[in-house]
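Shown next, in structure tokens, is the structure this report addresses.
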Amino acid sequence: MYDAVYKYSLETILDHINICNKRFSEIHNPIDFTSTDYGKTLLDSIVTRLQAIGENLKNTSRKNNLLQTNYPEIEWNKIIRFRDFISHHYEMLDYEIVFEICEDYLPKLELVIKEELAKF
């Protein structure tokens, strides 16, 4: 069901994606995340936003599964599980995976969220 809460969740996810994209624009290869204190700060801030994206998707999917139904090509379960991994095993986080997520998967998620928001 398309309602105000669903729209707000999508807008929140898009805000988090936009912040990730802005911060990731300063990262050109995975080692940039660990080579300086600033890179480590960017890594932490991006990971926090990825965690928030996963949390919002987790909550949204509990209420309805519109995203999963409308966009089965996105690996929703992996996004949610990554959120859980960040929350419970942060010290084991691989910065190369974060780079790959930002480089390859976040742009696809952004398109899907924008497409879903356009339905309102």
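Return the pair list, or none, for Cβ contacts closer than 7 Å from residues in the stretch 13-28 that are open to solvent by less than 80 Å² (accessible area, probe 1.4 Å) to residues that are modelled with pLDDT of 95 or more and among the polar types (S, T, N, Q), at least 6 apart or on different chains.
Partner pairs satisfying both residue conditions: ILE13/ASN56; ARG23/SER45.
Quick check on the stretch 84-105. Is at least one of its residues open to solvent by 50 Å² or more (accessible area, probe 1.4 Å), closer than 25 Å to ILE31 by Cβ, at pLDDT 95 or above and hydroxyl-bearing (Ser, Thr, Tyr)?
Looking for residues that are open to solvent by 50 Å² or more (accessible area, probe 1.4 Å), closer than 25 Å to ILE31 by Cβ, at pLDDT 95 or above and hydroxyl-bearing (Ser, Thr, Tyr), one finds at least one in the stretch 84-105, hence yes.
Could you give me the residue pairs with C-beta distances under 6 Å whose first residue belongs to the stretch 50-69 and is closer than 17 Å to VAL98 by Cα, whose second residue is assigned to a helix (DSSP H, G or I) and of a type in the set (A, V, I, L, M, F, W, C) wherever it lies, and which are 6+ apart or on separate chains?
GLN51/ILE86; ILE53/ILE13; GLY54/ILE79; GLY54/ILE80; GLY54/PHE82
What residue, among those in the stretch 29-54 that are open to solvent by less than 60 Å² (accessible area, probe 1.4 Å) and of a type in the set (Ser, Thr, Tyr), is nearest to HIS89 (Cα to Cα)?
Only one residue fits best here, namely SER45.
May I ask you to list the residues in the stretch 82-120 that are assigned to a loop (DSSP other than H, G, I, E, B) and not small (Gly, Ala, Ser)? First the steps, then the outcome.
First, pick out the residues of the stretch 82-120 that are assigned to a loop (DSSP other than H, G, I, E, B): 93-94, 118-120.
Those that are assigned to a loop (DSSP other than H, G, I, E, B) and not small (Gly, Ala, Ser): LEU93, ASP94, LYS119, PHE120.
Has the stretch 81-89 got at least one residue that is touching a Lys or Arg at 6+ places or on another chain (Cβ under 7 Å), touching a residue at least 12 places away in the same chain (Cβ under 8 Å) and among the basic types (Lys, Arg)?
Yes, because at least one residue in the stretch 81-89 is touching a Lys or Arg at 6+ places or on another chain (Cβ under 7 Å), touching a residue at least 12 places away in the same chain (Cβ under 8 Å) and among the basic types (Lys, Arg).
Tell me which residues, restricted to the stretch 2-46, are closer than 18 Å to LEU117 by Cα, in contact with a helix residue (DSSP H, G or I) (Cβ under 8 Å, 6 or more places away or on another chain) and not in a helix (DSSP H, G or I).
Matches in the stretch 2-46: TYR2 only.
Considering the stretch 55-81 alone, what residues qualify as being open to solvent by less than 70 Å² (accessible area, probe 1.4 Å), out of contact with any Gly (no Cβ under 6 Å at 6 or more places or on another chain) and part of a helix (DSSP H, G or I)?
Step one: filter the stretch 55-81 for residues open to solvent by less than 70 Å² (accessible area, probe 1.4 Å), giving 55-61, 64, 66-68, 70-71, 74, 76, 79-80.
In the following step, the residues that additionally are out of contact with any Gly (no Cβ under 6 Å at 6 or more places or on another chain) were identified as 55-61, 64, 66-68, 70-71, 74, 76.
The answer is GLU55, ASN56, LEU57, LYS58, ASN59, THR60, SER61, LEU66, LEU67, GLN68, ASN70, TRP76.
The values are calculated or read from the model by the stated rules, or taken from the named source; none is laboratory data. If you're wondering where the values come from, they're calculated on a predicted model, not measured in any experiment. Quick reminder, even Gly has a Cβ in these numbers, built from the backbone with ideal geometry, and neighbours come from all protein chains shown. Side chains are part of the model used for accessible areas, which takes the heavy atoms of the whole protein and leaves out ligands, DNA and RNA. Shrake-Rupley method; radii C 1.70, N 1.55, O 1.52, S 1.80 Å.
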